[in-house]
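**Student:** Mind having a look at this structure? Questions to follow.
The values are calculated or read from the model by the stated rules, or taken from the named source; none is laboratory data. Keep in mind that what you see is a predicted model, and the values were worked out from it rather than measured. Cβ: placed from backbone, ideal geometry, glycine included. Neighbour counts: every protein chain shown.
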């Protein structure tokens with residue numbers, strides 16, 4: 001079986017007294033090699049004979065149901081999982097929402113919410129389910145919850161999928177000209193370290209608002225590209241786009257990341273010119289920026305000028 005010779009393995013299997021071990025090996029072999037239809041049919045036949053799968057086989061059966069969009073069979077598998085107590089096993093529990101993700105997101109979400117431990121697979125299943133059921137905005141919201149509230153980072157396989165799948169649905173719906181949707185997707189690409197895709201999307205926008213510019217600046221900074229972030233800000237100025245507090249904070253963070261004193265002074269001057277330096281959030285960002293650029297005395301003076309020295313300001317001073 002491990003050599004890929006399913007024919008010889010099947011011939012031996014048909015001539016032997018079958019037990020749970022042999023059934024598991026055979027079904028797992030078919031599913032692992034990508035023959036989902038045959039592997040799933042053999043699982044159903046084996047179950048009729050009283051076969052009990054192991055955890056690895058059952059996870060692959062669940063994945064096969066999802067890939068084949070086998071709704072009725074998926075319900076049967078879920079019933080078996082529930083009766084047999086397999087739901088208590090994390091790997092099975094994390095895969096189970098995929099049984100409903102293609103056709104019943106209410107139940108998929110319910111199973112997801114009831115999980116004791118959620119891993120990147122279970123989060124990915126729910127995100128994929130919402131995208132495939134044409135609820136891309138919800139899928140994007142779940143992705144943000146996973147990455148930025150719960151703190152689970154997508155791996156190299158699931159991370160691009162989360163953003164790209166939402167993007168595909170946006171194009172399918174014809175929302176690629178919707179600024180709100182595109183800004184959210186640019187933000188997601190940036191925070192997934194897919195900054196090239198974020199830039200491609202930004203660069204192709206017919207019309208950009210202050211949120212678009214600010215999001216792109218923040219994205220480059222987040223991905224460790226402060227030079228590109230500052231270049232986008234300069235392009236924004238050239239385009240005569242009106243700045244807001246968020247834009248200035250993003251610029252200050254980019255200058256902070258570059259740790260260049262000249263840029264720090266330039267950004268500070270812009271915040272003064274725009275009349276935004278009195279904003280506590282901007283002033284706090286100025287203090288942090290100057291500190292990271294080595295201008296400790298300027299940082300101290302900027303701190304003293306903050307009228308409402310909030311907790312963040314106190315932390316930076318210390």
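**Student:** Does residue 97 qualify as being buried (at least 22 other Cβ atoms within 10 Å of the Cβ) and over 17 Å from the mean Cα position of the chain (by Cα)? Give the derivation first.
**Tutor:** On the way: buried (at least 22 other Cβ atoms within 10 Å of the Cβ): yes; over 17 Å from the mean Cα position of the chain (by Cα): yes.
The answer is yes for residue 97.
**Student:** Here's a follow-up. Would you check which residues across the range 284-299 are in contact with a helix residue (DSSP H, G or I) (Cβ under 6 Å, 6 or more places away or on another chain) and part of a helix (DSSP H, G or I) and list them?
**Tutor:** 284, 285, 286, 287, 288, 289, 290, 291, 292, 298, 299
**Student:** Hey, another quick one. Can you report the number of residues in the range 181-198 which are at pLDDT 85 or above and either outside any helix (DSSP H, G or I) or out of contact with any helix residue (DSSP H, G or I) (no Cβ under 7 Å at 6 or more places or on another chain) (or both)?
**Tutor:** Here the count works out to 1.
**Student:** Name every residue in the range 300-318 that is more than 32 Å from the chain's Cα centre (by Cα) and either at pLDDT 80 or above or part of a helix (DSSP H, G or I) (or both), in order of residue number.
**Tutor:** 300, 301, 302, 303, 304, 314, 317
**Student:** How many of the residues in the range 77-119 are farther than 23 Å from residue 143 by Cβ and out of contact with any helix residue (DSSP H, G or I) (no Cβ under 8 Å at 6 or more places or on another chain)? Outline the logic, then answer.
**Tutor:** Taking the range 77-119 as the starting set, the residues that turn out to be farther than 23 Å from residue 143 by Cβ are 77-89, 92.
After this cut, where a residue has to be out of contact with any helix residue (DSSP H, G or I) (no Cβ under 8 Å at 6 or more places or on another chain) as well, the list is 79, 82-85, 88.
Number of matching residues: 6.
**Student:** Scan 112, 51, 86, 40 and give me the residue that is at pLDDT 80 or above, outside the structural domain of residue 142 (by TED's automatic domain parsing) and over 25 Å from residue 144 (Cβ atoms). Break it down into steps so the answer makes sense when it comes.
**Tutor:** Details: 112 fails: over 25 Å from residue 144 (Cβ atoms); 51 fails: at pLDDT 80 or above; 40 fails: at pLDDT 80 or above.
Matching residue, one of 112, 51, 86, 40: 86.
For (1) more than 30 Å from residue 42 (Cα to Cα); (2) surrounded by 15 or more Cβ atoms within 10 Å (Cβ to Cβ), each residue gets a yes or a no:
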{"position": "62", "(1), (2)": "no, yes"}
{"position": "104", "(1), (2)": "no, yes"}
{"position": "115", "(1), (2)": "no, yes"}
{"position": "130", "(1), (2)": "yes, yes"}
{"position": "148", "(1), (2)": "yes, no"}
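**Student:** Assigned to a helix (DSSP H, G or I), touching a residue at least 24 places away in the same chain (Cβ under 8 Å), in contact with a helix residue (DSSP H, G or I) (Cβ under 8 Å, 6 or more places away or on another chain) and surrounded by 21 or more Cβ atoms within 10 Å (Cβ to Cβ): is that true of residue 26 in this structure?
**Tutor:** The answer is yes for residue 26.
**Student:** Also: Can you name the residue in the range 4-23 that is at pLDDT 70 or above and surrounded by 12 or more Cβ atoms within 10 Å (Cβ to Cβ) and, of all such residues, is nearest to residue 61 (Cα to Cα)?
**Tutor:** Filtering the range 4-23 for residues that are at pLDDT 70 or above and surrounded by 12 or more Cβ atoms within 10 Å (Cβ to Cβ), the one nearest to residue 61 (Cα to Cα) comes out as 23.
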